[in-house]
Amino acid sequence: MRILCIGDSNTWGYVPGEDGVRTDKRWTKLLAEFRPNDTIIEEALCGRTVTAKDTIVPVRCGIDTLPILMLSHVPVDLVIIMLGTNDLKKQFNPSAKHIARGVEEYIKYIRNPHLIAGYKIPKILVVSPVPLRDEIVERQSLFGEFDENSLKQSKFLAQTFKEVSDKYEVDFLNAGRVAETSLVDCIHLDDKNHEKLAKYIASKVSEVLDYEEAR
């Protein structure tokens, strides 16, 4: 099975407190170890948003690059989407409901039966990102400004993402149930939490894909 993982710096494996260092123990790498018979495709970009437009680096807008990602990696059996943290930046005046509507657009695009002729529609797993830590409001983040509203909306993402996932009957996981961001920068996962998340996602992937193979 081919699994496409679309994410931001927490999928890329950004090490908290280490400028530009990428961990080899990121959750996607571990997922590949847990499922050695699958092909894990890492499509991670630091700063990637769901739909928010970064005027400094426009390519970070995920919805704009989604068509390229999908067409580049056919065929795909499962798409895992874990985005939303960067949309919480103060500059984007974040709303959890609005971010979830962006995820809805991902689902509709991926499910378009006319997207790629001759290939089946992939399954989708939406993963709401690990919430920001409360301490981020008091810190000067190198990754953009997050205020009280950012923090509030961060805690609503799991609820709004699940509502969208239920609406379209796609699979959903709340990463915040098993993992938490580092105290170092309040945004990124350390190796221990990457491992927790990888196990959580691997269990769900087995449920989704192994059932599909058995049909």
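The values are calculated or read from the model by the stated rules, or taken from the named source; none is laboratory data. It should be emphasised that the depicted structure is a prediction, and the values quoted were computed from it without experimental measurement. Note: ideal-geometry Cβ built from the backbone for every residue, glycine included; neighbour counts use all protein chains shown. Areas reflect the complete protein model, heavy atoms only, side chains present, ligands, DNA and RNA absent. Shrake-Rupley method; radii C 1.70, N 1.55, O 1.52, S 1.80 Å.
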Enumerate the aspartates and glutamates that Lys167 could reach by cross-link, defined here as Cα to Cα under 13 Å, with residues fewer than 8 away along the same chain left out.
Glu104, Glu105
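For region 115-215, give the percent of accessible area contributed by carbon and sulfur heavy atoms, probe 1.4 Å, rounded to a whole number. Please list the in-between numbers first.
Numbers: 2550 of 5450 Å².
Its accessible area is 47 percent carbon and sulfur atoms.
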Across Lys25/Lys53; Lys29/Lys120; Lys89/Lys120; Lys152/Lys199, pairs whose alpha-carbon gap is larger than 32 Å:
Lys89/Lys120
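If I compute solvent accessible area with a 1.4 Å probe over the protein chains, what percent of it on region 38-90 is carbon and sulfur? Mind dumping the intermediate values first?
Numbers: 1200 of 1960 Å².
Exposed carbon and sulfur together represent 61 percent of the surface.
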Separation of the Asp210 and Arg101 label points, Cα + 7 Å toward Cβ, nm
4.0 nm
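Kirkwood hydrodynamic radius, region 10-81, all distinct C-alpha pairs: what's the number in Å? Before the final figure, lay out each step's value.
On the way: mean 1/r = 0.0726 Å⁻¹.
Radius from the Kirkwood sum: 13.8 Å.
With only Lys, Arg, Asp and Glu charged, each at its Cβ (+1 for the first two, -1 for the last two), find how big the charge dipole of the chain is about the Cα centre; round to the nearest 20 debye. The partial results should precede the final answer.
Working: 29 positive and 33 negative charges, 88 e Å.
Here the chain has a charge dipole of around 420 debye.
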So for the chain, taking the charge dipole from beta-carbon charges (+1 Lys/Arg, -1 Asp/Glu), which of Cys186, Trp27, Thr49 sits furthest toward the positive end?
Thr49
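Using Stokes-Einstein with the Kirkwood hydrodynamic radius over Cα pairs, what translational diffusion coefficient do you get for region 110-169 at 4 °C and a viscosity of 1.567 mPa s, in µm²/s rounded to a whole number?
Rounded to a whole number, D works out at 91 µm²/s.
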Just the accessible area per residue of region 77-215, please: how many Å² with a 1.4 Å probe?
51 Å²
Give the peptides 49-56, 112-119 in descending order of average Cβ contacts within 10 Å, highest first.
49-56, 112-119
Cα-based helix-to-principal-axis angle, 191-205 vs the chain, degrees rounded to 10
30 degrees
At q = 0.23 Å⁻¹, what log₁₀ I(q)/I(0) does region 58-145 have when each alpha carbon counts as one equal point scatterer in the Debye sum?
-1.21
Largest first, please: the extent of the C-alpha atoms of region 115-215 along each principal axis, to the nearest Å.
51, 27, 23
Mean residue ellipticity at 222 nm from the helices of the chain, using -39,500 (n - 2.57) per DSSP H segment of n ≥ 4 over the full residue count, to the nearest 500 deg cm²/dmol?
-10000 deg cm²/dmol
